[in-house]
Amino acid sequence: MNTEIMELVVIGGGPGGYSAAFRAADLGMQVALIEREETLGGVCLNVGCIPSKALLHVAAAKEEAERLSKHGIRFGAAELDLDALRAFRHDTVSRLTGGLAQMARQRKVQRIIGNARFAGPNVLHVEDRAGNVSAVSFQMCIIAAGSSPIHLPFLPDDPRIVDSTGALELPFIPKRMLVIGGGIIGLEMATVYSGLGARIDVVEQTGGLLAGVDRDMVGIWIKRNSHRFDRIMLSTWLESVEATPEGLVARFNNGYEPATHDLILQAAGRRPNGDRLSLEAAGLQSNGGFIAVDSQMRTAQPNIFAIGDVVGQPMLAHKAVHQGHVAAEVAAGHRAVFEPLVIPSVAYVDPEIAWVGLTEDAARQDGIEVDVGKFPWAASGRAIANGADYGMTKLLFSRETGRLLGGAMIGPGAGDMLGEICLAIELGADATDIGRTIHPHPTLGETIGLAAEAAMGSCTDLPPIPFLCPRQ
Amino acid sequence: METVALVERQTIYLPTIGDYKDVPVVEILVKPGDTVSFEDTIIVLESDKATIEVPSPVSGTLVELLVEIGSRVSEGAPIAIFEISEKAPAAPQPEAAASETRPVAAAPAAVEAAAPVTGSAASKAHASPSVRAYARELGVSLDEVQPTGRKGRIMREDVQAYVKGRIAAPASSGGIAVAPAPAYDFARYGEIERVPLTRIQQISGSSLHRNWVTVPHVTNFDEADVTDIESFRVAMNGEAKGARAKLTMVAFLAKASALALKEHPRFNASLEGDTLVLKKYVHVGVAVDTPKGLLVPVVRDCDRKGLNEIAEEIAGLAERARNGKLAPSDMEGGCFSVSSLGGVGGTGFTPIINAPEVAILGAARAQMQPRWDGTAFQPRLILPVSLSWDHRVLDGVAAARFLGTVVKILGDFRRAAL
């Protein structure tokens with residue numbers, strides 16, 4: 001049907017895919033963008049980051065209103081209008097996806113709706129909803145096929161068992177909910193449902209929640225969130241789930257009693273979609289769904305690139321966007337390379353946890369010598385005024401070079417403030433650079449400058465440290 | 001540095017060893033527990049051209065050695081930890097001595113400035129994302145760029161400077177392309193033995209090769225009548241009866257060269273790009289054959305020294321050279337070199353210029369030859385001399401005149417007194 005040979009075809013309309021397609025179009029390439037869904041934006045915009053943030057925002061506002069009763073303002077009991085909440089979520093998403101569709105038109109990116117598979121090193125077969133297959137030939141291709149939630153094979157087929165996509169639909173508000181997986185996605189959804197009235201059980205195979213985050217941060221979070229949970233079952237396996245009319249009966253090892261839940265969320269991780277593309281037809285291979293690429297995002301086939309979740313961890317939209325830009329630029333003949341020093345992470349739980357670069361735990365494990373500057377928000381006037389005195393800002397500096405290697409924050413807006421730490425790392429800032437940068441007062445962001453001062457030993461908003469010696 | 005305990009531990013550092021860096025330790029003369037006196041040799045280094053004995057800057061007991069055979073050390077490197085008793089005669093000595101062993105203020109400035117160029121310092125340098133992208137655009141590996149920004153940051157200008165340097169480099173380092181030498185299986189044709197080149201041979205070999213390839217050499221030949229010098233030399237040595245160093249032909253050659261250099265200043269020069277550096281001092285290097293290779297120690301101010309003094313100095317330098325005890329400074333600063341094969345043989349050869357010098361005098365073996373004095377043939381002692389010179393700086397006329405001056409002085413050494 002389509003005899004035209006596209007200069008560039010992008011598979012996947014998520015943040016990585018559309019960014020690659022738009023960037024390539026801006027660089028003068030003739031671009032087609034294949035997406036299986038009607039709307040652009042992928043998991044992130046449609047059934048991931050964005051709708052979850054809409055719900056988290058609402059849940060957090062409700063909880064904040066309840067907390068205000070201690071600070072002198074009392075509201076009546078909250079009334080939940082689930083349809084209106086779903087509509088807000090839907091409007092948030094459609095406003096963004098509508099904007100993307102318009103920007104694709106403005107860039108003359110040709111959109112193709114359907115599932116793509118390779119039929120050769122220069123041709124794709126695209127199957128639309130009706131089952132019609134058309135061939136799309138290309139000179140170059142960027143695979144941005146993303147990832148999907150892992151579905152545990154032993155769970156029964158039951159509408160009360162959902163993945164993150166299903167949970168965001170807000171089918172109903174359960175009384176008791178089981179979250180499988182104590183990672184970011186599981187705990188974000190636990191926060192939403194708990195905010196809307198559910199009691200939560202979490203089962204996690206490893207020994208801690210939020211793997212990869214420093215334990216002191218997680219400790220603060222658990223202290224603030226223990227009221228949400230009946231049980232946080234660590235180092236525990238879910239052994240079986242039985243669907244009964246009364247509820248879903250879950251059994252665990254590790255001596256935990258079985259429990260009946262109204263809703264089970266599977267958030268045991270995501271699997272890359274590399275296996276769904278018939279890669280072998282293009283002479284490519286995947287490793288458990290992952291596709292190997294070089295620092296210019298090229299696969300083993302020089303005309304085919306891959307970016308985002310499908311090339312490896314971390315599976316984060318902001319990583320995919322940057323990789324998408326690199327792939328598009330290289331495809332357009334530029335000498336771009338994906339070489340960031342760090343990729344930040346944020347858990348949009350309440351309180352928010354944001355971290356980037358080296359963690360204290362990793363430094364200890366790998367024997368990297370660091371000077372740590374910690375600023376507890378209990379010493380921040382703004383945090384106390386905002387009822388956020390439990391927060392913490394932490395910076396890690398290389399003892400060898402003095403440069404900032406990593407940072408972590410917990411508290412309201414932590415994710416919004418993390419960008420400063422990312423920038424400081426990319427620009428090679430040290431404690432003096434950050435500490436002597438005047439931060440506005442009184443703000444929560446000020447704690448970054450104060451943590452740097454704490455590392456220098458010059459912070460006057462903390463008690464004196466009698467044993468802090470100047471370095472030899 | 002506090003003096004709390006009666007016994008103080010002190011780390012000693014490698015003192016200045018000239019411009020040498022990363023010099024291997026070849027010998028260690030002390031072991032932990034040894035009592036070492038001030039100035040005792042503790043380790044021996046073998047630099048480019050000479051063996052350097054490192055004396056102890058303190059008196060005390062060796063606690064720990066911080067180097068081993070094969071360690072490469074540079075000025076300021078920690079060598080050993082000593083325990084210094086306060087009972088030592090000069091109590092404040094440790095501190096004074098310690099500061100003495102630190103890099104001396106004047107000389108090492110260049111070394112310190114040059115140090116960050118190499119090694120891990122460069123690869124640890126930081127570049128911001130925009131500079132990283134710019135380097136990628138130009139295909140520059142940031143590990144090779146020298147940072148000049150604050151706190152060791154690589155700036156955009158550093159990347160530009162690196163690229164400019166790389167563009168300029170091929171022009172000056174020459175475009176000589178030769179086929180690689182084929183490998184030979186010598187053992188196929190008979191018994192062989194493999195003997196590694198000494199360090200001195202390796203280093204002098206690469207300098208000689210560089211000079212041979214990069215300096216356009218021309219060699220002039222002449223003959224000097226040294227009959228009178230020879231009889232004078234023998235007479236003087238007879239008089240001295242070993243009370244002082246023997247006058248040698250090399251001493252006469254060095255003195256004659258020094259005087260010729262004064263008369264022809266373009267020969268006492270070095271080329272720096274488009275500029276000629278004329279030297280107001282006259283230091284003459286003398287090639288010395290040693291078991292480990294060829295060394296060229298330098299006699300300073302040859303123009304102002306008498307023959308006895310020059311002969312004495314050459315004897316001392318040659319002795320130290322053969323024993324591997326020349327200091328790097330003994331081989332620095334030469335203006336011109338003299339290479340004599342007179343003791344061995346031959347009728348002439350073309351010496352390789354010891355750059356950055358611009359000329360070198362070679363002398364072969366003097367032989368009795370018949371010379372026509374206008375009425376009859378006279379037996380005269382004739383010394384064949386050759387002069388290799390840098391054609392970028394000098395020309396054939398100048399060279400013939402310079403060599404003529406040398407020959408005239410050697411023919412009648414009274415000229416040296418003028």
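Scanning segment A:408-432 for residues that are within 14 Å of chain B (Cβ to nearest Cβ) and either touching a strand residue (DSSP E or B) at 6+ places or on another chain (Cβ under 7 Å) or free of Cβ contacts under 8 Å to residues at least 24 places away in the same chain (or both) gives A:C422, A:L423, A:A424, A:I425, A:L427, A:G428, A:A429, A:D430, A:A431. On inspection, A:Q313 fails the criterion of being away from chain B (no Cβ under 14 Å) and either over 20 Å from the mean Cα position of the chain (by Cα) or assigned to a helix (DSSP H, G or I) (or both).
When A:V10, A:V43, A:V47 are checked against the criterion of being modelled with pLDDT of 95 or more, hydrophobic (A, V, I, L, M, F, W, C) and in the same structural domain as A:A101 (by TED's automatic domain parsing), A:V10 stands alone in meeting it.
For every residue, the table says whether it meets (1) in a helix (DSSP H, G or I); (2) within 28 Å of the chain's Cα centre (by Cα).
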position: B:L381; (1), (2): no, no
position: B:P384; (1), (2): no, yes
position: B:S388; (1), (2): no, yes
position: B:R392; (1), (2): no, yes
position: B:A398; (1), (2): yes, yes
position: B:F402; (1), (2): yes, yes
position: B:V407; (1), (2): yes, yes
position: B:L410; (1), (2): yes, yes
position: B:R415; (1), (2): yes, no
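Residues in segment B:244-255 that are buried (at least 21 other Cβ atoms within 10 Å of the Cβ) and among the small types (G, A, S): 2 in all.
Comparison of A:E400, A:E339 shows that the only residue that is assigned by TED's automatic domain parsing to the domain that holds A:A452 and surrounded by fewer than 23 Cβ atoms within 10 Å (Cβ to Cβ) is A:E400. Entry remark, segment A:425-443: residues being among the hydroxyl-bearing types (S, T, Y) and either within 13 Å of A:G407 (Cα to Cα) or not assigned by TED's automatic domain parsing to the domain that holds A:A383 (or both) number 0 in total.
Looking at this structure, is A:A243 at pLDDT 95 or above, outside the structural domain of A:K62 (by TED's automatic domain parsing), outside any loop (DSSP other than H, G, I, E, B) and under 20 Å from the mean Cα position of the chain (by Cα)? No, not satisfied. Looking across segment B:33-63 at every residue that is outside any loop (DSSP other than H, G, I, E, B) and among the hydroxyl-bearing types (S, T, Y), the one that is surrounded by the most Cβ atoms within 10 Å (Cβ to Cβ) is identified as B:T51. Given the conditions (1) crowded, with 17+ Cβ neighbours inside 10 Å; (2) closer than 29 Å to A:A198 by Cβ; (3) among the hydrophobic types (A, V, I, L, M, F, W, C), and given that A:A77 satisfies all but one, which numbered condition is not satisfied? That leaves (1) as the condition not met. The residue that is nearest to the other protein chains (Cβ to nearest Cβ), among those in segment A:355-371 that are more than 20 Å from A:G208 (Cβ to Cβ) and hydrophobic (A, V, I, L, M, F, W, C), is A:I368. For segment A:257-271, the set of residues classified as of a type outside the set (D, E), surrounded by fewer than 17 Cβ atoms within 10 Å (Cβ to Cβ) and over 28 Å from the mean Cα position of the chain (by Cα) consists of A:P258, A:T260, listed by residue number. When each of B:V298, B:V397, B:V385, B:V344 is tested for being at pLDDT 95 or above and surrounded by fewer than 19 Cβ atoms within 10 Å (Cβ to Cβ), the lone residue that passes is B:V397. Within segment B:256-282, no residue satisfies the criterion of being buried (at least 20 other Cβ atoms within 10 Å of the Cβ), closer than 18 Å to B:S329 by Cβ and out of contact with any Leu (no Cβ under 7 Å at 6 or more places or on another chain).
Table: residues versus (1) exposed (fewer than 10 other Cβ atoms within 10 Å of the Cβ); (2) more than 29 Å from the chain's Cα centre (by Cα).
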residue: B:R188; (1), (2): yes, yes
residue: B:R194; (1), (2): yes, no
residue: B:E223; (1), (2): no, yes
residue: B:E230; (1), (2): no, yes
residue: B:M236; (1), (2): no, yes
residue: B:G242; (1), (2): yes, yes
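Exactly one residue among A:A145, A:A104, A:A119 is within 25 Å of A:P272 (Cβ to Cβ) and in contact with a His (Cβ under 7 Å, 6 or more places away or on another chain), and that residue is A:A119. Each residue in segment A:164-179 was checked for being at pLDDT below 95 and not in a helix (DSSP H, G or I), and 5 pass. Residues that are free of Cβ contacts under 8 Å to residues at least 12 places away in the same chain and either of a type in the set (V, I, T) or not in a helix (DSSP H, G or I) (or both) were ranked within segment B:125-147; the one that is nearest to the other protein chains (Cβ to nearest Cβ) is B:G139. Hey, among the residues in segment A:336-354 that are assigned to a strand (DSSP E or B), within 30 Å of A:R23 (Cβ to Cβ) and in contact with a helix residue (DSSP H, G or I) (Cβ under 7 Å, 6 or more places away or on another chain), which one's farthest from the other protein chains (Cβ to nearest Cβ)? Residue satisfying both the conditions and the ranking: A:A347. What are the residues in segment A:376-407 that are within 14 Å of chain B (Cβ to nearest Cβ) and closer than 15 Å to A:V356 by Cα, if any? Of everything in segment A:376-407, those that are within 14 Å of chain B (Cβ to nearest Cβ) and closer than 15 Å to A:V356 by Cα turn out to be A:F397, A:S398, A:R403, A:L404, A:L405. Within segment A:300-309, does at least one residue satisfy the condition of being of a type in the set (S, T, N, Q), crowded, with 24+ Cβ neighbours inside 10 Å and outside any strand (DSSP E or B)? Looking through segment A:300-309, none of the residues is of a type in the set (S, T, N, Q), crowded, with 24+ Cβ neighbours inside 10 Å and outside any strand (DSSP E or B). Among the conditions (1) of a type outside the set (D, E, K, R); (2) buried (at least 17 other Cβ atoms within 10 Å of the Cβ); (3) part of a loop (DSSP other than H, G, I, E, B); (4) assigned by TED's automatic domain parsing to the domain that holds A:I425, the only one that A:A363 does not satisfy is (3).
The values are calculated or read from the model by the stated rules, or taken from the named source; none is laboratory data. Owing to the predicted nature of the structure, the values given are computational and were not obtained by experimental measurement. All Cβ positions, even for glycine, are placed from backbone atoms using ideal geometry, and neighbour counts span all protein chains on display.
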